[in-house]
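The structure appears right after this line, and notes come after that.
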Amino acid sequence: MSSSMKRKITIFILIIICFLLQCTVFKAVIFTHVVPNLLIVVTSSFGFMRGKKEGLYVGFFCGMLIDLFFCEFYGFYTLIYMYIGYINGFFKNMFYDDDIKLPMVLITGSDFIYGCIIYVFSFLLRGRFDTWYYFKNVIFPEVIYTVVITLIFYRIIRRINRKLEEDEKRSAAKFV
Amino acid sequence: MKKKKRKFTLSSEYVLLIFTVLCVIMIFVTFNTKITAGPLRGVASYVLVPLQKGINQIGSVVSSWSDNLTNLKDVMAENEELKEQVDQLTTENNILQQDRFELNRLRELYELDEKYPDYNKVGARVIGKDAGNWFQNFVIDKGSEDGIQVDMNVIAGSGLVGRVTSVSSHSATVLSIIDDSSNVAAQVLSTSDNCIVSGSLQLMSENKISISKLTDEEDKVTSGEKIVTSNISDKYLPGILIGYVDQVSMDSNNLTKSGTLRPAVDFAHLEEVLVILDLKKGTEE
């Protein structure tokens, strides 16, 4: 199997697992109403680890899954996730493999902006003006949960990415 | 969704542009027409639905363990309480039995039987809930092959849960009435006053939904009153119990009332639901 194919399949499986965790297990196990947003973590991570293009593709796929299952008009979540992945790609040059601060800041920021966008488009535009309530009860708790999960989950993603990059280097060396 | 392999690779700006245009077109198409991405969803469902079922079972086992531990104390206290309640209910039951005979007699008298026909129902299991924190959609494990169609009503126990919004061959998405974007035309059972029942994210944490535009000129609606779906609703079958009035107050226009109601269904622990296979007449033209 070529290494780029291996990368695609690995990421595909990773996204599917995150999606399933997010819409099944977490809802049952966690007692609060709030679920951490794993798909944002994945999208954002691959954005700043691998660049704009890969962030874009990963975001596109994550958003598409949500659209297919839960959204009444297709494309809305795809668009949001895709742009989040793309924008995170701009930080690739600032990213060092051992640094945990930048990833945390970026993932937190991404999740916060994601929450704001959803609020504006599906609540504010329908006349739900009590902005502070939604920030306090939905957006902030989600961001906090996501950050806590990220502390563990990001390491897993980084390990996967390292493995994949090692493979890619090895197969590139073979051809030279 | 993947593009064909070519010799040159597109720069990420172009890919972004192409996908953006694609998404915007999709949003407009699905928003303005009745076209849905049914076949695409079908493919995704074939892969994901069995996985969701499996994982969901593991999840519910784990949560039932933890529930058992935390609940033991509560259960003991509750047991005492319930024993008292049994006595109380026995007397109440006797009164109700009498009422039932009276009701049966009256029904025959007015031939009200036709008003509450026995609907065909099919049971389904909840296998997944919305991936975010904003909406209260959920996925059930029955789809078009089990005869489910869009806009069918979903109930659990005795109360209304919501309606089906999209269907694939082996799964369907249900919009619950506590969702912020859901509105149901309803009426007060005893006085037949019309009102609108709409879900609200703010009230959800208190396990309530809001009522608005209630016309109650005679000031008869009090807390505990039953609210059922109205016959003027074009998607919900008439006479399905939604919940009980919690409190109502006069609006600033002095014409209508608004307030909150407690849903008859426990949405936090929804595991099995019933889908009514009869569609409201008039929706299919």
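Looking only at residues of segment A:66-80 that are within 7 Å of another protein chain (Cβ to nearest Cβ) and not in a loop (DSSP other than H, G, I, E, B), we find that the one that is nearest to B:Val29 (Cα to Cα) is A:Phe76.
Remark: pairs (first residue in segment B:47-59, under 13 Å from B:Val139 (Cα atoms); second residue surrounded by 14 or more Cβ atoms within 10 Å (Cβ to Cβ) and among the acidic types (Asp, Glu); Cβ separation under 7 Å; 6+ apart in sequence or on different chains) = B:Val49/B:Asp141; B:Lys53/B:Asp141. Among the numbered conditions (1) farther than 28 Å from B:Lys53 by Cα; (2) within 13 Å of the chain's Cα centre (by Cα); (3) of a type outside the set (S, T, N, Q); (4) surrounded by 19 or more Cβ atoms within 10 Å (Cβ to Cβ), the only one that B:Ala186 does not meet is (2).
If you check B:Val161 against the conditions, is it under 18 Å from the mean Cα position of the chain (by Cα), touching a residue at least 40 places away in the same chain (Cβ under 8 Å) and more than 14 Å from chain A (Cβ to nearest Cβ)?
Yes.
Of the residues making up segment B:13-23, just one is at the interface with another protein chain (Cβ under 7 Å from one of its Cβ atoms) and either surrounded by fewer than 18 Cβ atoms within 10 Å (Cβ to Cβ) or touching a Pro at 6+ places or on another chain (Cβ under 9 Å) (or both), namely B:Thr20.
Yes or no: segment B:193-203 includes at least one residue that is away from chain A (no Cβ under 14 Å), in a helix (DSSP H, G or I) and either in contact with a helix residue (DSSP H, G or I) (Cβ under 9 Å, 6 or more places away or on another chain) or farther than 24 Å from A:Phe70 by Cβ (or both). Looking for residues that are away from chain A (no Cβ under 14 Å), in a helix (DSSP H, G or I) and either in contact with a helix residue (DSSP H, G or I) (Cβ under 9 Å, 6 or more places away or on another chain) or farther than 24 Å from A:Phe70 by Cβ (or both), one finds none in segment B:193-203, hence no. Picking from residues in segment A:127-150 that are over 17 Å from A:Phe112 (Cβ atoms) and surrounded by 11 or more Cβ atoms within 10 Å (Cβ to Cβ), the one that is modelled with the highest pLDDT is A:Asp130. For A:Lys53, indicate whether it is among the charged types (D, E, K, R) and within 11 Å of another protein chain (Cβ to nearest Cβ). The answer is yes for A:Lys53.
Let's see how each residue does on (1) in contact with a Lys or Arg (Cβ under 9 Å, 6 or more places away or on another chain); (2) within 20 Å of A:Val58 (Cβ to Cβ):
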| position | (1), (2) |
| --- | --- |
| A:Gly89 | yes, yes |
| A:Asp98 | no, no |
| A:Gly115 | no, yes |
| A:Leu124 | no, no |
| A:Phe135 | no, no |
| A:Phe140 | no, no |
| A:Phe153 | no, yes |
| A:Ala172 | no, no |
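When only residues in segment A:81-93 that are surrounded by 24 or more Cβ atoms within 10 Å (Cβ to Cβ) and either under 24 Å from B:Val174 (Cβ atoms) or more than 9 Å from chain B (Cβ to nearest Cβ) (or both) count, which is farthest from the chain's Cα centre (by Cα)? Checking each candidate, the answer is A:Asn88. Note on segment A:94-117: among residues that are of a type in the set (D, E, K, R) and exposed (fewer than 13 other Cβ atoms within 10 Å of the Cβ), the one that is farthest from A:Met49 (Cα to Cα) is A:Lys101. Within segment A:126-153, the set of residues being of a type in the set (A, V, I, L, M) and within 11 Å of another protein chain (Cβ to nearest Cβ) comprises A:Val138, A:Ile139, A:Val143.
For A:Leu39, the stated conditions hold: it is modelled with pLDDT of 90 or more, at the interface with another protein chain (Cβ under 8 Å from one of its Cβ atoms) and either surrounded by fewer than 24 Cβ atoms within 10 Å (Cβ to Cβ) or under 19 Å from A:Ile149 (Cβ atoms) (or both).
Restricting attention to segment A:133-165, which residues are more than 21 Å from the chain's Cα centre (by Cα) and either of a type in the set (D, E, K, R) or over 16 Å from B:Leu203 (Cβ atoms) (or both)? The answer is A:Lys136, and nothing else.
The values are calculated or read from the model by the stated rules, or taken from the named source; none is laboratory data. All values reported here derive from a predicted model rather than from experimental measurement. No Cβ is skipped: glycine too gets one built from the backbone with ideal geometry, and neighbour counts run over all protein chains shown.
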